[in-house]
1. By count of other Cβ within 10 Å, fewest leading, how are Ile12, Ile47 ordered?
2. How much length is gained on full extension from Ala52 to Leu22, taking 0.36 nm per residue of separation minus their Cα-Cα distance?
3. Going by the alpha-carbon gyration tensor, a ≥ b ≥ c the square roots of its eigenvalues, is segment 16-55 rounded (a/c under 1.5) or, if a/c is not under 1.5, prolate (a/b greater than b/c) versus oblate?
Amino acid sequence: MTRPEDAARKTIDDALTAAGVLKHAFEGKLVPQEPNDEPASALLDRIRTARAQASAANGSGRTSRRGRAKVLQADDGGLDDG
């Protein structure tokens, strides 16, 4: 039989494990890092640029749903056209 103390300990252990996993994930320590990967800041800059271009082409100041999808389909520094 499971005692209430055991259940409480498991809950605490699970919470600590989840917190540890999140901490390691944010620190980039869950898996080996690829040194040749593009930095997140460069990816965000590319997305901002593509959104601005899509917005200008659209003329309304906003990107369409399809335009947003194209922006997020980045492939080797370029965008997927369809």
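1. Values: Ile12 10, Ile47 15.
Taking fewest neighbouring Cβ atoms as first place, the list is Ile12, Ile47.
2. On the way: separation 30, 0.36 × 30 = 10.80 nm, distance 3.28 nm.
Here the answer is 7.5 nm.
3. oblate
Read-outs: derived from the displayed coordinates by stated rules, not from any lab. Given the structure is predicted, the values throughout are model-derived calculations rather than measurements. For neighbour counting, all protein chains shown are included, and Cβ atoms are generated from backbone atoms with ideal geometry for every residue, glycine included.
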